[in-house]
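J.: Have a look at the structure that comes next, please.
The values are calculated or read from the model by the stated rules, or taken from the named source; none is laboratory data. This is a predicted model, so every value here is computed, not measured. Cβ placement follows ideal geometry from the backbone for every residue including glycine, while neighbour counts extend to all protein chains displayed.
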Amino acid sequence: PETVRRLLKMYGHLLEDIADRPDARVKELRLTDAAEREKLVKEFNDTRAAYPPNKCIHELFEEQASRTPDRTALVFLEDTMTYEELNRQANRLARYLRDKDIAAGSVVGIMSERSFEMVISILAVLKAGAAYVPVDPQISAERRRYMLEDSNARLLLVHPAPDGADSGPVPVVSIQEALASASSADHLEPVSHTEDLIYIMYTSGSTGKPKGVMVEHGSVLNTLFYMQQTFPVHSNDAHLLKTHFAFDVSVSELFGWFFEGGKLVILEPGAEKEPVKIVKAITEHGVTHANFSPSFLQAFLEDLKARGIRELASLRYAFAAGEALKPHVVRSFHEQVSGTELVNVYGPTETAIYATCHRLRQDTPEEQVPIGAPLANVQAYVLDRYSQLLPIGLIGELCLSGPSLARGYANLPELTAEKFAPNPYRPGERLYRTGDLVRRRDNGTLDYIGRIDQQVKIRGFRIEPGEIEETLASHPSILSAAVIAREDEPGRQMLVAYCVVHPDTEIPDEEWKRHLAEWLPSYMIPSAFIQLETMPLNKSGKVDRSALPAPGLNHDSKNESDQPISEVERKLIGITESILNISGINPNDNFFDLGGNSLLTIRFITEIEQTFGISLSLMDFIDLPVLAKLAKTVESLLPVGAS
C-alpha cells in the first residue's frame, strides 16, 4: 500500500509539472513538488559544521607533538616511538627532501610496508610541502613506473631498500639512508595550504590503466574532524593501522589518531589477514578503533566463533568500509561481539575516505544495511541521468557535494569534467557522480543498491573489470576477453575471466596469471579462467555477461602416484571441498587454483586447526597451497601417532 500511495503521489506531481510547464522537455519534468524538493535538497543535507579551515594535517600533528612530546605515538611489534621522536624524525627526512628541491606542489612516491619508516616518510613529505603517492611494493615494475610518471613524482622513497627497484627515470632513495644523512631535525617553516594536495591515490580504471585521484588537505581534514567529533580517539585510545596505505581507508588510520594525543598501533605486514594476530594487537595495545572490509569482517567473525572469543577487549568502534555490508554479517557481529559498536561507513576515493555513515544498533536489526546519512558539510543527492531529483523510495545515482570532494583525476581533464560536474542545487559548487545506485528512505538515510557500470568491490578492493579485460586482450593469442564477478554463496565473490583465443591455441592458467601479473596487482588477477570458442553476444552485439558459464572444477593435475591418499590428505580434501563447495579434487591440487582466496584461507586454516588440534600460520600456508605439501606440514606438527 505504501508503494502504491507513493507512486500515485509521484504521478500527481508529474501531471502538475506538465500543466505548469507545457514547454518543458520530458527529461526536465519532475516527480517531486516544492515541499519534497526542499526536504531532499536542504533538510536531508543540513550538515553544516565547523572544522579548522586553515590547517594542514601535518601542522595539527606538530601542535599535538608540542603538547604531548613524551607520550607514545607509534607502536610496532615490541618497539614504541614518542610524539617528539616521530616529529623530529619526520623533520629530518623533510629537510633532506627540501635539500633535494622537494617543495610546495611537488609529488613524492613512497614504497614501503607498514613500519615506523612508512609513517615518518608520509609526515616528512607533507612537512616538505609535497603530496605523497603510495606505491604497493608487491605491484609490477611496469605499473609502478606508470604511476610515478603519471603523477610526475620527483623521487621514490623506499623501505627497506629493494635490490634494483625499477622506478623508471624517478630516483630511488632509501628512507633509512636519507634519515642518516639529514642535516637537522629542527622545525621547518610551513609552505603548504589547505587547498594543496595531500596525496594522489591510484584506483582501477576502465581504460586499462589506473587513474590517480588527487585529494587536498582540506578535504581530508573535513572527514577526519567529523570522525573525531563523532567517534573520538582520546588520549588513552589507539587506532589500528591494518589497511595498506595504497587504499584510501588507510588515511583515517594514518591521521585519525593524534587529535587528542592517542597512539597508532601498526600491524606487522601480513598480519592483516590473520584474525589471531589482529585480536592480539587489540588486546595487548588497547586498540579502540579499527577498520574492516565487510568480507574480511565475516571471515574474522567466523574465526572468533571457532575460537570461542566473545569480546574484543578495548575495541570501542569497528568500522565496516570498502564494500556492501550484508545483514547476516551484522547479525553475526551482534551475536558474537559485546561492548563494540559497529559502524557502516561509505565513501569512494574521490570523496576523501568517507561520505556517509550509519551506526548499527543491536536492538534495531536491519533487513538491508543502510550506508546512512552524509557526514559533516557533505551533501548527498539521488538523481536520474539528467540530474533531476528522485523522490524518496526511487533508485538513482548517488551524487555528492561538499569540501570532501577530490580535486579530480591526474592528467584526465575530460574524465574530471564528466565526473565532477557543476552542482545544480548549490551554484558555484561541484557534484561528484559516484556511479553507485542508491535509494533514500523516509528518514533520509540511504540504501546501497549496486553499480551503474561494471565496477565491482571484492574484499574491499575497487576493481574495474575493463582494466583486466584490456590487459588480457594485449596477449598476442587472445582475440577477445570478458571479466565478471560471480557470487557462489553469500559473502563470497570471485573474479572470473573468459577469453576467446586463436584457433588451436591452449593457454594454461599459469600463463594467463603471469601475463596479468606483469601489469596488475594480485587482487585484480581472476580466480578462474575459462576459454570459449565464441563470446556470447546480446541483440545489440555486446557481450552477454549473463550468458557466460559458471566456472566448474577445471584442473589438469592428476594423482598419478601409486601411493594411496593418506588420512591427513583425505581430511584436507574434505575441508577444501566443503569450503569451496566443489568435489573431485585430489592432493596435487592448488587451493588457490581451485578458487580459494585470502578470506577463504582464514576459514580453511581455522578448520585445519580445529580438526587436527594444531596451530598453523597463514604465511606458512601461502607458501604451501598444494594440498599434498600442506599435508606433510600438518603431519610434522601432529603428536607422534596422531593423524
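J.: Being more than 24 Å from the chain's Cα centre (by Cα), part of a strand (DSSP E or B) and of a type outside the set (V, I, T) is the filter here; which residues of segment 380-437 pass it?
T.: Within segment 380-437, L383, L389, A421, P422, R430 meet the criteria.
J.: List the number of the failed condition for N152; all other conditions in (1) at negative phi; (2) in contact (Cβ under 8 Å) with a residue 12 or more places away in the chain hold.
T.: (1)
J.: Check segment 268-277 and report whether any residue there is in contact (Cβ under 8 Å) with a residue 24 or more places away in the chain, buried (at least 19 other Cβ atoms within 10 Å of the Cβ) and in contact with a strand residue (DSSP E or B) (Cβ under 9 Å, 6 or more places away or on another chain).
T.: Taking every residue of segment 268-277 in turn, none turns out to be in contact (Cβ under 8 Å) with a residue 24 or more places away in the chain, buried (at least 19 other Cβ atoms within 10 Å of the Cβ) and in contact with a strand residue (DSSP E or B) (Cβ under 9 Å, 6 or more places away or on another chain).
J.: When I122 is evaluated against the numbered criteria (1) under 21 Å from S235 (Cβ atoms); (2) surrounded by 20 or more Cβ atoms within 10 Å (Cβ to Cβ), which criterion, by number, is the only one it fails?
T.: Among (1) under 21 Å from S235 (Cβ atoms); (2) surrounded by 20 or more Cβ atoms within 10 Å (Cβ to Cβ), the lone unmet condition for I122 is (1).
J.: Further question on the same structure: Suppose the filter is touching a residue at least 12 places away in the same chain (Cβ under 8 Å), surrounded by fewer than 21 Cβ atoms within 10 Å (Cβ to Cβ), at positive phi and in a strand (DSSP E or B); does G450 pass it?
T.: Yes, satisfied.
J.: If you scan segment 462-513, which residues turn out to be assigned to a strand (DSSP E or B), among the acidic types (D, E) and in contact (Cβ under 8 Å) with a residue 12 or more places away in the chain?
T.: Result: D488, E489.
J.: Further, regarding this structure: V345 passes all but one of (1) outside any strand (DSSP E or B); (2) among the β-branched types (V, I, T); (3) crowded, with 20+ Cβ neighbours inside 10 Å; which number fails?
T.: Here V345 meets the rest and fails (1).
J.: So, S235, is that one modelled with pLDDT of 90 or more, of a type in the set (S, T, N, Q) and closer than 20 Å to V220 by Cα or not? Spell out how you get there, then give the answer.
T.: On the way: modelled with pLDDT of 90 or more: yes; of a type in the set (S, T, N, Q): yes; closer than 20 Å to V220 by Cα: no.
The answer is no for S235.
J.: Pick out the one residue from I605, I614, I575, I579 that is assigned to a helix (DSSP H, G or I), closer than 22 Å to K277 by Cα and among the β-branched types (V, I, T).
T.: Step by step, each of I605, I614, I575, I579 is checked, and only I605 is assigned to a helix (DSSP H, G or I), closer than 22 Å to K277 by Cα and among the β-branched types (V, I, T).
J.: Also: Report, by residue number, each residue of segment 547-573 that is modelled with pLDDT of 75 or more, over 29 Å from I507 (Cβ atoms) and loosely packed, with under 13 Cβ neighbours inside 10 Å.
T.: E567 - this is the single residue of segment 547-573 that is modelled with pLDDT of 75 or more, over 29 Å from I507 (Cβ atoms) and loosely packed, with under 13 Cβ neighbours inside 10 Å.
J.: Checking the structure you have, find out if any residue of segment 314-333 is among the β-branched types (V, I, T), buried (at least 20 other Cβ atoms within 10 Å of the Cβ) and under 19 Å from N45 (Cα atoms).
T.: No, the conditions are met nowhere in segment 314-333.
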